[in-house]
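So the structure is just underneath, and the comments pick up after that.
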Amino acid sequence: MLGTAMLVAACNASPTNNIAATSQTTNSTTTQTMKFPVTKSDAEWRKALTPEQYRVLREADTERPFTGKYWNTKEPGVYRCAACGEVLFTSDTKFDSGCGWPSFYDLAAEKKVILREDDTLGMHRTEVLCAHCGGHLGHVFDDGPKPTGLRYCINSASLNFEKTNAFSLPSAGDK
């Protein structure tokens, strides 16, 4: 019960109406009607992903706060979509929001994610999807730090971290 309360409290911030976030949006329809560069059958996704990754990325589940692999990671590097390998976030925009999930105030580059309205669990939020494969990543809120004011609250299970040295982070256009 404490875990459920923490989950709701951590992601119960207001949905974002921030123009910086909406400029990243490439489409607002559901993944069932969207076309993505990477497409696989349900059986192929199940084979490629761990059971937890499948639940999060393909069924829009959420891992429990403070249990994910990357919530407290501080090393320099990039965070890739665990389903397709697309670079989504970099460590230089990661911050400790106290919510128990990896939090970022910006994307690695524009159009890396798709935002859509999410009214599940009795609250209104903005869902974050990978623009390359349609995988559910988490949610974005407008209570983050400057310069964007955004907090991308992302499930560790939807990410793979690639450690780099601080001087060799891939450029925003790299995959």
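Read-outs throughout are calculated quantities, based only on the coordinates presented, and are distinct from any laboratory measurement. This is a predicted model, so every value here is computed, not measured. Note that we place each Cβ from the backbone using ideal geometry, even for glycine, and neighbour counts take in every protein chain shown.
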Counting only residues 5 or more apart in sequence or on a different chain, those whose built amide H sits under 5 Å from that of residue 141 are 151, 152, 153
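Distance check, please: which entries in 74/146; 47/163; 74/163 exceed 21 angstrom between their Cα atoms?
Where the Cα-Cα span goes over 21 Å, the pairs concerned are 47/163.
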Scalar couplings 3J(HN,Hα) for the range 132-140 by Karplus 6.51 cos²θ - 1.76 cosθ + 1.60 (θ = phi - 60°), nearest whole Hz, x for Gly and Pro, are 8, 10, x, x, 6, 9, x, 9, 10
Between residue 90 and residues 5 or more places away or on another chain, the pairs with built amide H atoms under 5 Å apart involve 79, 108
Mean Cβ-within-10 Å packing, highest first, puts peptides 41-54, 150-163 in the order 150-163, 41-54
Net charge near residue 97 (other residues with Cβ under 10 Å of its Cβ; Lys, Arg +1; Asp, Glu -1) is 0
Between the modelled labels at residue 66 and residue 40 (7 Å from Cα along Cα→Cβ) the distance in nm is 3.3
